[in-house]
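Below is one structure, written out as structure tokens, with a few remarks after it.
The values are calculated or read from the model by the stated rules, or taken from the named source; none is laboratory data. If you're wondering where the values come from, they're calculated on a predicted model, not measured in any experiment. Here the Cβ positions follow ideal geometry from the backbone for every residue, glycine too, while neighbour counts run over all protein chains shown.
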């Protein structure tokens with residue numbers, strides 16, 4: 001009987017990862033820098049940086065959050081004219097007080113600077 005409950009406990013941890021696991025998500029590097037931007041922000045002077053950036057993203061036009069898991073957030077941003085969907089990811093590393101931000105276009109060879117502008121806009125609202 002103990003083995004049965006242990007097996008259920010182990011299996012359920014794969015289905016429902018703890019938020020402490022999610023708070024250590026490292027974002028992938030940009031492979032195609034022509035349509036991807038990844039930055040690390042030092043947020044020592046901000047009391048609740050993950051909550052603050054989440055609020056900014058919720059209030060950003062044409063952007064919707066599709067996943068939140070602990071200190072990880074994935075949003076989809078739709079471009080204004082061509083209606084392309086870009087991925088925006090944020091991961092907060094509380095032990096080092098760093099926000100990892102990554103914005104990438106799903107299609108195309110170049111984003112015409114849209115991802116960098118998105119990151120710059122978020123940064124200007126944060127700091």
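The number of residues in region 33-59 being free of Cβ contacts under 8 Å to residues at least 60 places away in the same chain and in contact with a strand residue (DSSP E or B) (Cβ under 8 Å, 6 or more places away or on another chain) comes to 4. Residues in region 93-113 that are crowded, with 18+ Cβ neighbours inside 10 Å and farther than 16 Å from residue 27 by Cβ: 111 alone. Within region 57-75, the set of residues being closer than 13 Å to residue 101 by Cα and either surrounded by fewer than 16 Cβ atoms within 10 Å (Cβ to Cβ) or touching a helix residue (DSSP H, G or I) at 6+ places or on another chain (Cβ under 9 Å) (or both) comprises 57, 71, 72, 73, 75.
Residues in region 82-92 that are modelled with pLDDT of 95 or more and either outside any strand (DSSP E or B) or surrounded by fewer than 17 Cβ atoms within 10 Å (Cβ to Cβ) (or both) were compared, and the one that is farthest from the chain's Cα centre (by Cα) is 85.
What about residue 4, is it modelled with pLDDT under 90, surrounded by 12 or more Cβ atoms within 10 Å (Cβ to Cβ), over 18 Å from residue 127 (Cβ atoms) and out of contact with any strand residue (DSSP E or B) (no Cβ under 8 Å at 6 or more places or on another chain)?
Numbers: modelled with pLDDT under 90: yes; surrounded by 12 or more Cβ atoms within 10 Å (Cβ to Cβ): no; over 18 Å from residue 127 (Cβ atoms): yes; out of contact with any strand residue (DSSP E or B) (no Cβ under 8 Å at 6 or more places or on another chain): yes.
For residue 4, the condition - modelled with pLDDT under 90, surrounded by 12 or more Cβ atoms within 10 Å (Cβ to Cβ), over 18 Å from residue 127 (Cβ atoms) and out of contact with any strand residue (DSSP E or B) (no Cβ under 8 Å at 6 or more places or on another chain) - is not met.
The rows are residues; the columns are (1) part of a strand (DSSP E or B); (2) modelled with pLDDT under 95; (3) within 16 Å of residue 62 (Cβ to Cβ).
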position	(1), (2), (3)
75	yes, no, yes
80	no, yes, yes
99	yes, no, no
102	yes, no, no
107	no, yes, no
111	no, yes, yes
115	no, no, yes
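Of all residues in region 7-54, those being at pLDDT below 90, assigned to a loop (DSSP other than H, G, I, E, B) and either surrounded by 13 or more Cβ atoms within 10 Å (Cβ to Cβ) or touching a helix residue (DSSP H, G or I) at 6+ places or on another chain (Cβ under 9 Å) (or both) number 3.
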